[in-house]
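K.L.:
Structure below; questions to follow.
The values are calculated or read from the model by the stated rules, or taken from the named source; none is laboratory data. This one's a predicted model, so the numbers in the text were calculated from it and none came from an experiment. Every residue, glycine as well, gets a Cβ built from its backbone with ideal geometry; the counts of neighbours run over all protein chains shown.
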Amino acid sequence: MYNSKDMNSSKTIKMFAVAVLFTAMKIQAVLAGDPVILAFGDSLTAGYGLMPEQGFTSQLEQALNRQGHNITVINGGVSGDTTSGGLSRLEWVLANAKPDLVIVELGANDALRGIAPAITRRNMEKILAILAKKKLKTLVAGMMAPPNMGDEYVIKFNRIFPELAIKYKNRLYPFFLEGVAGNPELNQNDAMHPNSAGVAVIVQKIIPHILNTLGKNPSSQQ
């Protein structure tokens with residue numbers, strides 16, 4: 001999520017690292033004939049505050065492999081990204097390769113900054129339109145606005161993800177932080193970013209949606 005200390009230079013370095021990692025892992029996956037998932041999002045995807053092996057993409061790949069699915073998961077998260085930031089780098093990230101599935105996890109920083117829901121909706125629509133044009137399978141990971149933003153803001157914001165998922169015929173995971181948000185035992189000290197145990201809960205809950213989107217049988221999910 002949003003960190004006021006994030007600087008443009010830091011984000012540039014992170015984006016470069018994402019591109020290098022994407023290319024290296026994609027080549028490895030292609031050689032192995034394995035499907036590739038791109039998790040495209042903010043710090044919740046990037047693994048803010050966690051060791052690399054504790055983050056969402058690492059835990060997701062490990063869990064999928066344990067279930068017998070040889071799937072490579074690429075970390076396309078940049079801490080601090082809003083939907084505007086995601087939109088600005090999407091084409092650049094996708095230029096490296098074509099993933100079999102894109103998980104779009106954005107919007108948390110928009111809500112925390114109080115960005116107008118109309119702007120968030122417009123950015124998300126452009127992101128999903130790009131993915132649709134490229135015929136990429138997409139899983140929309142929904143986000144919910146904090147209650148302290150007020151009823152009108154919350155209603156407008158929370159409608160964005162399900163409505164656009166329907167419009168673009170994408171599968172929807174209604175709330176990325178389902179079962180984790182608000183639980184101190186599953187979050188870091190900032191009460192916003194999941195800890196390793198919280199990430200494990202997210203992974204367990206989202207895997208059936210991922211496998212369904214990929215056309216795989218999720219029945220082995222525990």
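K.L.:
Restricting attention to the stretch 64-86, report how many residues are surrounded by fewer than 20 Cβ atoms within 10 Å (Cβ to Cβ) and in a helix (DSSP H, G or I).
P.N.:
4
K.L.:
While we're on this one: Considering every residue within the stretch 26-36, establish whether at least one is more than 21 Å from Ala141 (Cβ to Cβ), surrounded by fewer than 23 Cβ atoms within 10 Å (Cβ to Cβ) and modelled with pLDDT of 95 or more.
P.N.:
Looking for residues that are more than 21 Å from Ala141 (Cβ to Cβ), surrounded by fewer than 23 Cβ atoms within 10 Å (Cβ to Cβ) and modelled with pLDDT of 95 or more, one finds none in the stretch 26-36, hence no.
K.L.:
Given the options Val199, Val180, name the one that is buried (at least 18 other Cβ atoms within 10 Å of the Cβ), in contact with a Pro (Cβ under 6 Å, 6 or more places away or on another chain) and at pLDDT 95 or above. Walk me through how you get there before you give the answer.
P.N.:
On the way: Val199 fails: in contact with a Pro (Cβ under 6 Å, 6 or more places away or on another chain).
Step by step, each of Val199, Val180 is checked, and only Val180 is buried (at least 18 other Cβ atoms within 10 Å of the Cβ), in contact with a Pro (Cβ under 6 Å, 6 or more places away or on another chain) and at pLDDT 95 or above.
K.L.:
Please identify the pairs in which a residue from the stretch 136-151 that is at negative phi has its Cβ atom under 6 Å from the Cβ atom of a residue that is among the charged types (D, E, K, R) and crowded, with 22+ Cβ neighbours inside 10 Å, counting only partners at least 6 apart or on another chain.
P.N.:
Ala141/Glu105
K.L.:
Any idea how many residues of the stretch 200-215 are of a type outside the set (A, V, I, L, M, F, W, C), touching a residue at least 12 places away in the same chain (Cβ under 8 Å) and within 17 Å of Val102 (Cβ to Cβ)? Before the answer, list the steps.
P.N.:
Residues of the stretch 200-215 of a type outside the set (A, V, I, L, M, F, W, C): 204-205, 208-209, 212-213, 215.
Going one step further and asking which of them are touching a residue at least 12 places away in the same chain (Cβ under 8 Å), we end up with 204-205, 208-209, 212-213.
From what is left, the residues that are within 17 Å of Val102 (Cβ to Cβ) are 209, 212-213.
Number satisfying all stated conditions: 3.
K.L.:
Give the stretch 87-106 a look and list any residue that's crowded, with 17+ Cβ neighbours inside 10 Å and touching a residue at least 60 places away in the same chain (Cβ under 8 Å), or say none. Please lay out each step first, then the result.
P.N.:
The first filter runs over the stretch 87-106 and keeps only residues crowded, with 17+ Cβ neighbours inside 10 Å, leaving 87, 89-90, 93-94, 96, 99-106.
Arg89, Val93, Asn96, Pro99, Asp100, Leu101, Val102, Ile103, Val104, Glu105, Leu106, listed by residue number.
Residue-by-condition table, conditions (1) modelled with pLDDT of 95 or more; (2) in contact with an Asp or Glu (Cβ under 7 Å, 6 or more places away or on another chain); (3) not small (Gly, Ala, Ser):
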position: Met51; (1), (2), (3): yes, no, yes
position: Ser58; (1), (2), (3): yes, no, no
position: Ala63; (1), (2), (3): yes, no, no
position: Arg66; (1), (2), (3): yes, no, yes
position: Ile74; (1), (2), (3): no, no, yes
position: Thr82; (1), (2), (3): yes, yes, yes
position: Leu94; (1), (2), (3): no, no, yes
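K.L.:
Could you check Asn123 against (1) surrounded by 15 or more Cβ atoms within 10 Å (Cβ to Cβ); (2) within 17 Å of Ala46 (Cα to Cα) and say which number it fails?
P.N.:
Failed condition: (2).
K.L.:
Output the number of the condition that Val102 fails; it satisfies all remaining conditions of (1) assigned to a helix (DSSP H, G or I); (2) modelled with pLDDT of 95 or more; (3) in contact with a strand residue (DSSP E or B) (Cβ under 9 Å, 6 or more places away or on another chain).
P.N.:
(1)
K.L.:
Does Ile115 count as assigned to a helix (DSSP H, G or I) and of a type in the set (A, V, I, L, M)? Steps first, answer last, please.
P.N.:
Numbers: assigned to a helix (DSSP H, G or I): no; of a type in the set (A, V, I, L, M): yes.
Answer is no for this residue.
K.L.:
Take Leu90 and decide whether it is touching a Lys or Arg at 6+ places or on another chain (Cβ under 9 Å) and closer than 24 Å to Lys216 by Cβ. If you could, list the steps in order and put the result at the bottom.
P.N.:
Details: touching a Lys or Arg at 6+ places or on another chain (Cβ under 9 Å): yes; closer than 24 Å to Lys216 by Cβ: no.
No: the conditions fail for Leu90.
K.L.:
Has the stretch 47-60 got at least one residue that is surrounded by fewer than 22 Cβ atoms within 10 Å (Cβ to Cβ), in contact with a helix residue (DSSP H, G or I) (Cβ under 7 Å, 6 or more places away or on another chain) and outside any helix (DSSP H, G or I)?
P.N.:
Yes, the stretch 47-60 contains a residue that is surrounded by fewer than 22 Cβ atoms within 10 Å (Cβ to Cβ), in contact with a helix residue (DSSP H, G or I) (Cβ under 7 Å, 6 or more places away or on another chain) and outside any helix (DSSP H, G or I).
Residues are listed down the side, and each one gets a yes or a no for (1) touching a helix residue (DSSP H, G or I) at 6+ places or on another chain (Cβ under 7 Å); (2) within 25 Å of Lys98 (Cα to Cα); (3) assigned to a loop (DSSP other than H, G, I, E, B):
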| position | (1), (2), (3) |
| --- | --- |
| Arg121 | yes, yes, no |
| Ile130 | yes, yes, no |
| Met144 | yes, no, yes |
| Leu164 | yes, yes, no |
| Leu172 | yes, yes, no |
| Phe175 | no, no, yes |
| Asp190 | no, no, yes |
